[in-house]
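Below is one structure, written out as structure tokens; comments come after it.
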Amino acid sequence: MEYKKTIGIIAAFFAVVLVSNLASAVVETSSVFWACFDDGDKIDFCNPYTRDRTCDASSGCYYCMSSYDSVNKCFVPGSFNKCNSIAFECSPYAGGGGNNGGGNNGGGIDSRVPIINMRSPVNGMIYKERNLLVDVSLNEKVTLSYIDILNLRSKWTNLCTLCSSFYKKKSFVEGENNISFRAVDSSDNEVYHNVLFFVDSVKPKINRYEPKNGFASGFFMVEFKEDNPKNVTLNYGNPSTGFSTKIVNIANDCTFDRNKKYTCNVSVDLSSFNGKSVTYYFNVTDIAKTSDANKPVILPVDTKEPIINSLNASWGERKLYVTLNISEPNFKTVEYIDYNSRRPIAMRVCSTLKNGICSKVITLPNLNPDIELIISDKAGNKVKLPVSQ
């Protein structure tokens, strides 16, 4: 008897709990209510035979409902005749509010993705530093993270949780960056925003340039290190004649070596500066608009070749007797090359002139020589004269 009484009490207890849970799961109003939804909100009905809907009106949608199941998050439709007899007011059990509501009022189904307003970094921008400000605002609280798409080993990095904005500097890699930002709200709606930008934080560096001393004849050289050069210019001139700029063609005038250095050879016409001095310097600018320039160099200009007034040459057994009359204020050397020798290299004949004369006996090891004389000045101007037997 006591056993049956105990079983009855337990059964009665679970019946009360079950009724209580069902009562709390289904919210009922006195009769019916208006459920208001924003554009894009999803409306789920509890009856599996009633087709679910999505609000697709920019002004919002309004439905007559009789109850809302907060556990299954679904609605039971009501009678429109009854709804028309009550005052129009958006129920707190619905999702949005149309143009009378104010977002998710609780209890509804949020199917709208967050809206990302990315102010920095800016898509397509070139930055001079790696530490960049990430400035993001959102229309709701989200979990915000980012990933470097170009880095195959990269993982999602969390920026903030339950936040509607982020304003802080983050470090990015040198070169091209393709960053994807992800925002996920409390209903697991997620949205992505990609930003492509470039970082060039290393300034150009000029390592070497020529000529530094002697004379300028119009031939110049610069060596620099820069991963992303945009333009290279040679600036030259003087106050009396004026200044000019030569734009260096990086593709045609420069070579790139394994040490990531560019070497550029440039020639300009300095004939208008002949007998005067010229000031020159190179300027290298990268894509981030940072630049480097060498210290200006002032050199005398000599663009004219040595003048050969006369050449007397006679041949003996394995010997060549030469006498040259030369007019050149900046004389450097007279050399010869025997192109029929085993090693056809330049050999010196004269390094000074006596009253403009270079006279020398050249001993030749080759019985059938092919001789060329080379007369050079200190500016690098040269005259080549073949000497036949």
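All of the numbers you see were taken from the coordinates with simple rules; none came from a lab. A quick note: this is a predicted structure, and the numbers were derived from the prediction, not measured. Positions of Cβ are backbone-derived with ideal geometry, glycine not excepted, and every protein chain shown enters the neighbour counts.
Within a 10 angstrom radius of the beta carbon, how do TRP315, TRP156 rank from fewest other beta carbons to most?
In increasing order of surrounding Cβ atoms, one gets TRP156, TRP315.
Rg over Rh for the chain works out to 1.45, both radii taken from alpha-carbon positions and Rh defined as the Kirkwood radius. Here's the picture: charge each Lys and Arg Cβ at +1 and each Asp and Glu Cβ at -1 in the chain, and of ILE307, PRO229, THR285 the one pushed furthest to the positive end of that dipole is ILE307.
When the Kirkwood radius is taken over all Cα pairs of region 116-199, what Stokes-Einstein diffusion coefficient follows at 25 °C and 0.890 mPa s, in µm²/s? For the chosen part, D equals 189 µm²/s. Ordering 241-249, 147-155, 219-227 by mean Cβ neighbour count within 10 Å, with the highest value first, yields 219-227, 241-249, 147-155.
I want the local charge near ASP135. Using Cβ-Cβ distances under 9 Å, sum +1 for each Lys or Arg and -1 for each Asp or Glu among the other residues.
Overall, the nearby charge balance is +2.
Helix 2-25 axis versus longest C-alpha principal axis of the chain: approximately 50°, rounded to the nearest ten.
Where the centroid of each part is defined by its Cα atoms, how far is region 175-240 from region 309-370 in Å? When both Cα centres are located, 50 Å separates them.
The alpha-carbon of LYS246 sits under 14 angstrom from the alpha-carbons of these aspartates and glutamates, leaving out residues fewer than 8 places away in its chain: ASP269. Of all the options ASN72, ASN283, ASN228, the one that moves most in a Gaussian network model of the chain with Cα springs shorter than 10 angstrom is ASN72.
Placing +1 on the Cβ of every Lys and Arg and -1 on the Cβ of every Asp and Glu, with no other charges, gives the chain a dipole of roughly 1900 debye about its Cα centre.
If the segment from ASN84 to SER164 were pulled out straight at 0.36 nm per residue, it would be longer than the present Cα-Cα gap by 24.9 nm. When shorter helices are ignored and each DSSP H run of at least 4 residues is given -39500 (n - 2.57), the per-residue value for the chain at 222 nm works out to -2500 deg cm²/dmol.
Considering only TYR192, ALA346, PHE88, the residue lying farthest towards the positive end of the dipole of the chain is ALA346, judged by Cα position with unit charges set on Cβ. Computed over neighbours whose Cβ is under 12 Å from that of SER267, the net charge equals -1, Lys and Arg +1, Asp and Glu -1. Based on every Cα atom in region 205-300, Rg and the maximum pairwise Cα distance Dmax equal 13.3, 42 Å.
The residue list GLY316, VAL297, PHE75 was ranked by how far each Cα lies along the charge dipole of the chain toward its positive end, using unit charges on Cβ atoms, and GLY316 comes out on top. Equivalent ellipsoid of region 287-378: semi-axes from √(5λ) of the C-alpha gyration tensor, largest first, are 37, 19, 9 Å.
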